[in-house]
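I'd like to ask you about the structure that follows.
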Amino acid sequence: MGSTVRSQSVQRQERALERGRAPSEVQRMVDHVKKYYNDFLTRGKEALASQLFDDDVVHKDLVWDPAHPTVGVHGMQHYLHDLRTAFPDFTIEIDQIATCDMNSLMVQYSGTATGLGEYHSHKPSHHVSAFSGINLVRFNHDRSKIVEIQVYRSAFAEDRLELGERELHGEGGFRELRLRRLV
């Protein structure tokens, strides 16, 4: 799956924009999602958080840490900081975007990240992880901000290491530690 694979609806929306039509609500959501993946996550533009996210946004990694969602704009800023500290070369590419209801998009993506910083209390692994996933991104009623992100992704090498350690020690994940730090 590469960047050349895109949903037909997204391609139609882009062609309409090229012809000078005003962007549709769907196109605005697509542009918003692209800004989240390309600018916020890949380029690390933390200042975009208040523009992208509703004050009560909930980010849930439903595969690797479902019990500890990231909540709020400040939570998303901390999430990005932790992510970019652990993986300074974190890169994510959107492979496909599809609508699933009037206020939600499904985003299929792939990316790479090298463990060059501390991740979940682990020393840098210097391991390059290739990952992929699908996220459900929900918007508020006027589709101007993201209210929820449900993440279904493959594991980084560090995730597999932490999972084994949590089972061994019966401890929570890094988000539990971060929430304590924020309080």
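The values are calculated or read from the model by the stated rules, or taken from the named source; none is laboratory data. On a predicted model such as this, the values are computed, not experimentally measured, just so you know. Here the Cβ positions follow ideal geometry from the backbone for every residue, glycine too, while neighbour counts run over all protein chains shown.
Just need a number here: residues in region 101-128 that are modelled with pLDDT of 90 or more and among the hydroxyl-bearing types (Ser, Thr, Tyr).
5
On to the next question. Can you give me the ranges of the strands (runs of 3 or more DSSP E) entirely in region 84-146 with at least 1 residues that are touching a Phe, Trp or Tyr at 6+ places or on another chain (Cβ under 8 Å) and of a type in the set (Asp, Glu)?
On the way: elements: 91-101, 104-114, 128-139.
By residue number, 91-101.
Name the single residue, out of those in region 158-171 being surrounded by fewer than 17 Cβ atoms within 10 Å (Cβ to Cβ) and within 21 Å of the chain's Cα centre (by Cα), that is modelled with the highest pLDDT. Show your work before the answer.
Step one: filter region 158-171 for residues surrounded by fewer than 17 Cβ atoms within 10 Å (Cβ to Cβ), giving 160, 163-171.
Those still in the list that are within 21 Å of the chain's Cα centre (by Cα) too: 160, 163.
Working: Arg160: 73, Leu163: 67.
Applying the filter and picking the extreme gives Arg160.
Still on this structure, I have one more. With the requirement that a residue be touching a Gly at 6+ places or on another chain (Cβ under 9 Å), of a type in the set (S, T, N, Q) and modelled with pLDDT of 95 or more, what does region 129-157 give you?
Listed by number, the list holds a single entry, Ser132.
With region 1-74 as the region, which helices (runs of 4 or more DSSP H) entirely inside it contain at least 3 residues that are at pLDDT 95 or above?
Details: elements: 8-18, 25-34, 49-52.
Those helices (runs of 4 or more DSSP H) span 25-34, 49-52.
Next question. Given the residues Val33, Val63, which is the only one that is within 21 Å of Ser110 (Cβ to Cβ) and in contact with an Asp or Glu (Cβ under 9 Å, 6 or more places away or on another chain)? Don't jump to the end; show me each part of the working.
Working: Val33 fails: in contact with an Asp or Glu (Cβ under 9 Å, 6 or more places away or on another chain).
After applying the criteria, what remains is Val63.
Restricting attention to region 55-99, report how many residues are without any contact (Cβ under 8 Å) to a residue 60 or more places away in the chain, out of contact with any Lys or Arg (no Cβ under 8 Å at 6 or more places or on another chain), within 20 Å of Ala157 (Cα to Cα) and surrounded by fewer than 19 Cβ atoms within 10 Å (Cβ to Cβ).
Selection size over region 55-99: 7.
Can you tell me how many residues in region 107-130 are among the hydrophobic types (A, V, I, L, M, F, W, C) and surrounded by fewer than 18 Cβ atoms within 10 Å (Cβ to Cβ)? Spell out the reasoning first.
Of all residues in region 107-130, those among the hydrophobic types (A, V, I, L, M, F, W, C) come to 107, 113, 116, 128, 130.
Still in the running and surrounded by fewer than 18 Cβ atoms within 10 Å (Cβ to Cβ): 116, 128, 130.
Counting residues in region 107-130 that are among the hydrophobic types (A, V, I, L, M, F, W, C) and surrounded by fewer than 18 Cβ atoms within 10 Å (Cβ to Cβ) gives 3.
Mind checking whether some residue in region 136-145 is buried (at least 16 other Cβ atoms within 10 Å of the Cβ), aliphatic (A, V, I, L, M), closer than 29 Å to Gln27 by Cα and in contact with a His (Cβ under 6 Å, 6 or more places away or on another chain)?
No.
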